[in-house]
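The values are calculated or read from the model by the stated rules, or taken from the named source; none is laboratory data. Everything numeric here is computed off the predicted structure, so don't read it as measured data. Cβ: placed from backbone, ideal geometry, glycine included. Neighbour counts: every protein chain shown. For accessibility, only protein heavy atoms count, side chains too; no ligands or nucleic acids. Shrake-Rupley method; radii C 1.70, N 1.55, O 1.52, S 1.80 Å.
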Amino acid sequence: MQSSSSTVLSPDWPAIIAVVLGATAFSVAQGLTYPLVSLTLEARGYSSSMIGVNAIAYAAGMGASTLLVGSLTARWRPDRLIIFSLVICSLCLATFAATSSFVIWGLARFLLGFFASVIFMLGEAWLNAACPDRLRGRVSGLYGMGICGGFAAGPLAIPLFGSAGGLGFALTAVYLAIVAFATAMLMFSTKTVPAPSSTADVFRFFKAAPILVGMVYVFGFADIAAISAMPVYFVKTGYSEAFAAISVTVMALPTALAQPFIGMLLDKLPRERVALATVVVAAASYLVLPLVTSEIAILALLAVMGTAIFSLYTCALTMLGERYSGSMLVAGSAAFALVYAAGSATGSGLTGAIMEAGGPQAGPLSVGLGLTAFTALLVLTRKR
């Protein structure tokens, strides 16, 4: 039976748990992949620009999948698509462990981005379809906690297994395969499913919700700059490779713990105000980063930065479910994936190029200025 977010009276917990489980598993893989690929390519002598190009392949895959969301949901059930995507992502990670070819890595990252986007598009639409509005912020916070917890766990493979071999990739591939099986078992008990959508609905959503689209673009820009470009920034400014990797974990772990609290705020306070506050804090943290030299102070600042950046997405996801249902809910999730891909491509590629041209400190400063500009846009929009 199909239910929309506007008609659900009680939460479909099996669906919610299945979505959170699948998204968390892939977040472990993504949390490992971004810093490990960046650090591995850096160690092999590739420039910041080339590392950014490799990351752009992932973003391109995410963007491509949104164009096929209509035909995908028309042909296959969303739950089966999620399981299939987890399996393909597992195979992509195994490819990283099996070869060192830059071209093959680029192709694997494209496929990883494509099927990751499927997981998140359908999963987030399902999450909102399975949740009543009175609990929407808290469920979105639970989802955010799972994703951020995965990001925090993923980079731990780097100091444990190093960046020279492929053991970290291989173990994560096995983990994803196991989670795909567990998710399949859990989905037998679900009661809801997101409505099919189309590519036309996706572009209609862009016109209907430009502020939500902008919020996710900014999130993608700042988030990928943090987990992809900032580890390179730390290495270039004299910190160890282990510190660069651990910085991603330290940024993600407090973010995970904070998301349920952010979700409570979203259910109690005006959601637009919560979103504005997160952008302000994220901008300030990036602008201050080049001025901080103490490792402990840097890690504390990164904790604040990560919390503020990801909370912006939790806000957008909650506001999506509050305002839309049915096919537009899936279309909104697809639009989010598309603009996240665009934002992540800009955040990784442009930040890497800026660091190469203007020095390492130019990277965080440029992101901070971009976030400041978006803050001004949000303020002007609220006054109208």
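Data table
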quantity: Among residues of the range 69-99, those that are without any contact (Cβ under 8 Å) to a residue 40 or more places away in the chain and outside any helix (DSSP H, G or I), counted; calculated: 2
quantity: Given (1) among the hydrophobic types (A, V, I, L, M, F, W, C); (2) over 19 Å from residue 363 (Cα atoms); (3) open to solvent by less than 60 Å² (accessible area, probe 1.4 Å); (4) more than 21 Å from the chain's Cα centre (by Cα), number of the condition residue 28 does not satisfy; calculated: (4)
quantity: Residues that are in contact with a Pro (Cβ under 6 Å, 6 or more places away or on another chain) and of a type in the set (Phe, Trp, Tyr), drawn from the range 109-137; calculated: 126
quantity: Boolean, residue 227 is open to solvent by less than 50 Å² (accessible area, probe 1.4 Å) and closer than 12 Å to residue 307 by Cβ; calculated: no
quantity: Residue match in the range 89-109 (condition: open to solvent by 20 Å² or more (accessible area, probe 1.4 Å), within 28 Å of residue 315 (Cα to Cα) and either hydroxyl-bearing (Ser, Thr, Tyr) or touching a Gly at 6+ places or on another chain (Cβ under 8 Å) (or both)); calculated: no
quantity: The range 327-359 - residue that is open to solvent by 30 Å² or more (accessible area, probe 1.4 Å) and of a type outside the set (Gly, Ala, Ser) and, of those, farthest from residue 305 (Cα to Cα); calculated: 328
quantity: Filter result (more than 21 Å from residue 251 (Cβ to Cβ) and either open to solvent by less than 10 Å² (accessible area, probe 1.4 Å) or under 12 Å from the mean Cα position of the chain (by Cα) (or both)) within the range 114-123; calculated: 117, 118, 119, 121, 122, 123
quantity: Options 59, 129; residue that is modelled with pLDDT under 80 and either buried (at least 21 other Cβ atoms within 10 Å of the Cβ) or β-branched (Val, Ile, Thr) (or both); calculated: 59
quantity: Residue in the range 257-271 that is under 23 Å from residue 355 (Cα atoms) and aromatic (Phe, Trp, Tyr) present; calculated: no
quantity: Within the range 184-194, considering residues that are more than 23 Å from the chain's Cα centre (by Cα) and either among the aromatic types (Phe, Trp, Tyr) or assigned to a loop (DSSP other than H, G, I, E, B) (or both), the one nearest to residue 73 (Cα to Cα); calculated: 192
quantity: Matching option when the condition is among the hydroxyl-bearing types (Ser, Thr, Tyr), outside any helix (DSSP H, G or I), modelled with pLDDT under 90 and more than 16 Å from the chain's Cα centre (by Cα), among 325, 247; calculated: 325
quantity: Qualifying residue in the range 293-302 (condition: open to solvent by less than 10 Å² (accessible area, probe 1.4 Å), at pLDDT below 90 and in a helix (DSSP H, G or I)); calculated: yes
quantity: Filter pass, residue 149 being under 17 Å from the mean Cα position of the chain (by Cα), closer than 22 Å to residue 231 by Cβ and open to solvent by 10 Å² or more (accessible area, probe 1.4 Å); calculated: yes
